[in-house]
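*Asks:* My structure is below; once you've seen it, I'll send some questions.
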Amino acid sequence: MSATSLPPSGRRSFLGRLGLVAALASAAAATKAVAQTARQRFEPRIHDEDAWMDMPGTHRTLIDCYTGLGGVNAMNYAANILATHADVYKGTDTDYAMIICFRAAAAPLAYSDAMWEKYGKVLADYTQYQDPKTGENFPRSPITMSDRVDLPSRGHTLASNAARGVQYAVCSRATRNLATFLAAATGGEVDAIARELAASIGVNARMVPAGVMATTRAQERGYTMLVAG
């Protein structure tokens, strides 16, 4: 039986159901459109504390490292990116805004040789990365050693990459955690040791509130993230 042959009450019921289906479909489409628009319009809140990330450059990359080996790898990753950009894309180092973030077990790698001379065993133990030649702890940060081309860093160092414009973010929370271990080992005061470690970081390096925060905030500012481990 067709809709036109139904009795009046039947036709009204049938048409009512059709109207309900159309209304539901329209509402679903509208909800989807609103959600899609909301996603398209999302913009993260920008904080002044992270303004240092707005560096000149046509490419933005953050290399995240949270292990001792990862921090050593990161040195070579940064140099490889810059070299490939020059060789293949005919670009320059100034085209890149590049940050290497040292957090968790990688944080000690960013401290000065003086800190390694003073607190070497604790710092080396924290990185859990030993010299593959000797099987023992490094006497200083392996990423300050330009002569160790056998390491994953391939001889690229904090200083050599900084000279090419690479910036370093060092986790304050990891530094504070390290300071508690060092205070227990030396009888020192946690706050004083944390300040000492923070003051030792070198050229193009800065302490950030948390390495995990820096990695997320950098992505909100248009950085791609490469994980070195």
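*Asks:* Figure the gain on full extension for Ala114 and Arg154 (residue separation times 0.36 nm, minus the Cα-Cα span) and round it to one decimal in nm.
*Replies:* 12.1 nm
*Asks:* Which whole-Hz ³J(HN,Hα) couplings does the stretch 81-98 yield from phi under the Karplus relation 6.51 cos²θ - 1.76 cosθ + 1.60, θ = phi - 60°, glycine and proline marked x?
*Replies:* Whole-Hz 3J(HN,Hα) from phi for the stretch 81-98: 4, 5, 5, 5, 4, 6, 6, 9, 9, 6, x, 10, 4, 5, 6, 10, 9, 10.
*Asks:* Moving to a separate point now. Does anything in the stretch 153-173 have its amide N under 20 Å from the 7 Å Cα→Cβ label point of Asp95, and if so which residues?
*Replies:* 161-167
*Asks:* I want to check the label-to-label distance for Asp147 and Arg195. Put each point 7 Å from Cα in the C-beta direction and report it in nm to one decimal.
*Replies:* Here the answer is 3.7 nm between the modelled labels.
*Asks:* Using the 2.2 N^0.38 Å rule of thumb for compact globular proteins, work out how the stretch 56-227 stacks up: its C-alpha Rg over that value, please.
*Replies:* Taking the Cα Rg and dividing by 2.2 N^0.38 Å, one obtains 1.01.
*Asks:* Amide H of Tyr168: which non-local residues (sequence gap of 5 or more, or other chain) have their own amide H closer than 5 Å, using H built in the peptide plane?
*Replies:* The list, which skips near neighbours in sequence, is Ile100, Ala205, Arg206.
*Asks:* Another question, then. Among the aspartates and glutamates, which fall within straight-line cross-link reach of Lys133, defined as a Cα-Cα distance under 15 Å, with same-chain neighbours fewer than 8 residues apart omitted?
*Replies:* Result set, ordered by chain and number: Asp147, Asp150.
*Asks:* Ok, one more. In whole Hz and in residue order, list the ³J(HN,Hα) couplings for the stretch 124-134 that follow from phi through the Karplus curve 6.51 cos²θ - 1.76 cosθ + 1.60, θ = phi - 60°; x for Gly and Pro.
*Replies:* 5, 4, 5, 6, 6, 10, 9, 5, x, 6, 10
*Asks:* Starting from the stretch 48-152, pick out the trypsin sites (Lys or Arg not before Pro) whose DSSP state is loop and whose Cβ has at most 13 other Cβ atoms within 10 Å.
*Replies:* Lys90, Lys133
*Asks:* Next question. Once label points are set 7 Å from the Cα along Cα→Cβ at both Glu220 and Thr84, what is their separation, rounded to one decimal in nm?
*Replies:* Label-label distance for Glu220 and Thr84, simple model: 2.9 nm.
*Asks:* Check which residues have an amide H placed less than 5 Å from Leu226's amide H, if you skip close sequence neighbours.
*Replies:* Leu62, Ile63, Asp64
*Asks:* At 0.36 nm per residue, minus the direct Cα-Cα distance, what do Asp48 and Ala184 gain on full extension? Give it in nm, one decimal, please.
*Replies:* So the chain would gain 45.4 nm between Asp48 and Ala184.
*Asks:* Shifting gears a bit: Please list 3J(HN,Hα) in residue order for the stretch 161-166, calculated via the Karplus relation 6.51 cos²θ - 1.76 cosθ + 1.60 where θ = phi - 60°; whole Hz, with x for glycine and proline.
*Replies:* After applying 6.51 cos²θ - 1.76 cosθ + 1.60, I find 6, 4, 5, 9, x, 5 Hz.
The numbers here are math on the coordinates, done by the rules we state, and not lab data. All figures in this text were calculated on a predicted structure; none of them were measured in a lab. All Cβ positions, glycine included, derive from the backbone under ideal geometry; neighbour counts span all protein chains shown.
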